[in-house]
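Scroll down for the structure; my scribbles are underneath it.
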Amino acid sequence: MPGMADMHTHVDRKEMLPLFLAAGVTTVLNMGLAIAGIRYGHSRRDTQGLGCGPRVVFAAFHDGRPG
């Protein structure tokens, strides 16, 4: 079975990430509350092949105003 994707999460601690894999979730969309340690540390970990956790995609806030 391919991994599942959770398209609405609010991950605020890196310790939460392995729990997703334990439940079969391999990709998550973080809708907010992502501290810099998760945002930048997680992407570095992915490129270096260290640690375990799902692929995390971060949503950006856009209010519709130009600029």
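The values are calculated or read from the model by the stated rules, or taken from the named source; none is laboratory data. Everything numeric in this text was worked out from a predicted model, so none of it was measured. A quick note on method: Cβ atoms are made from the backbone with ideal geometry, for glycine too, and the neighbour counts reach across all protein chains shown.
Among the residues of segment 2-13, is any surrounded by 12 or more Cβ atoms within 10 Å (Cβ to Cβ), at pLDDT 80 or above, at negative phi and among the small types (Gly, Ala, Ser)? Checked against the condition, which is being surrounded by 12 or more Cβ atoms within 10 Å (Cβ to Cβ), at pLDDT 80 or above, at negative phi and among the small types (Gly, Ala, Ser), segment 2-13 yields at least one hit. Select from segment 30-47 the residues that are within 18 Å of Ala59 (Cβ to Cβ) and surrounded by 15 or more Cβ atoms within 10 Å (Cβ to Cβ) and write down the one among them that is modelled with the highest pLDDT. Ranking the qualifying residues of segment 30-47, first place goes to Asn30.
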